[in-house]
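Where a number appears in this text, it was derived from the coordinates with a stated rule and is not lab data. Fair warning: this is a prediction, and the values are worked out from it, not measured in the lab. Because the Cβ atoms are built from the backbone with ideal geometry, glycine has one as well, and the counts that use them run over all protein chains shown.
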Amino acid sequence: MRLASDGADIALVDMNEDRMRVVADEVQTRGRRATIFRANVMHREEIYAAVDHAEKELQGFDIMINNAGIVQVQPLSHVTPDEVDKIFKINVEGVLWGIQAAARKFKQRKQKGKIISASSIAGHEGFPLLGIYSATKFAVRALTQAAAKEFAADGITVNAYCPGEVGTDMWVEIDKRMAEITGAKIGETYDKYVGGIALGRAETPEDVAAFVSFLAGPDSDYMTGQAPLIDGGLVYR
């Protein structure tokens, strides 16, 4: 919604077509075009197809945001091979395929472009019970730095953003799993982390969107290879 308000036409990519249609309708009420494409980011060919679809339907392609991701709350001593495989395929390989597909499209169009990926505070600091999730978000930072260096000569910038404790369904799931593992009451883990935020409140999706808007816009044209924290003052680097 923030990018639509900024003047962007939006290509939505997800596995839930009904939810995408709701968002697309809302984008269109803001006077922007929107198109949807069902894809699973674990599958490279589907991400390439999604980018091709976006270019065709919107008559252009300027910004790629690799935002898909899942969380896993599990002690390192209990993590299974299947769990590791799934979260790395979504959180790391999904970002890699997105970077590849976007960079190829920008080069085909002989134009500059912006690639933006979701990392996390867990990409700057490993958290207990979130060890494998943290590893995937550290990997996003590594891909961001490497891609920024590889594609700079093509006028393609590559950055990431690192949110903290955002009040979304993902944190509801984290809090629930933390309670199951540690015996804490529901809401206790969430409140503990919010209590450590310097600005004194949980992060909102709008807080994150405002920073992504900066990364997607012209004011960030001289910025590449970076993964800044946008967390209200929780992790400091």
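When restricted to residues that are farther than 14 Å from residue 224 by Cα, in contact with a Gly (Cβ under 9 Å, 6 or more places away or on another chain) and acidic (Asp, Glu), region 137-171 contains 1.
Of all residues in region 212-232, those satisfying the criterion of being over 14 Å from the mean Cα position of the chain (by Cα) and not in a loop (DSSP other than H, G, I, E, B) are 214, 218, 219, 220. Scanning region 72-82 for residues that are within 23 Å of residue 108 (Cβ to Cβ), part of a helix (DSSP H, G or I) and touching a residue at least 12 places away in the same chain (Cβ under 8 Å) turns up nothing.
Go through region 151-170 and give me each residue that's in contact (Cβ under 8 Å) with a residue 40 or more places away in the chain and in a helix (DSSP H, G or I).
Across region 151-170, the qualifying residues are 151, 152, 154, 170.
Among residues of region 39-66 being loosely packed, with under 14 Cβ neighbours inside 10 Å and not in a helix (DSSP H, G or I), the one that is farthest from the chain's Cα centre (by Cα) is 59. One residue alone among 115, 90 is surrounded by fewer than 19 Cβ atoms within 10 Å (Cβ to Cβ), within 14 Å of the chain's Cα centre (by Cα) and touching a residue at least 40 places away in the same chain (Cβ under 8 Å), and that residue is 90. The criterion of being under 22 Å from residue 229 (Cβ atoms) and not in a helix (DSSP H, G or I) holds for residue 69.
Is there any pair linking a residue in region 119-141 that is of a type in the set (Lys, Arg) to one that is assigned to a loop (DSSP other than H, G, I, E, B), with Cβ under 6 Å and at least six apart or on different chains, and which? Final answer for the pair search is 137/119; 137/120; 141/119; 141/227.
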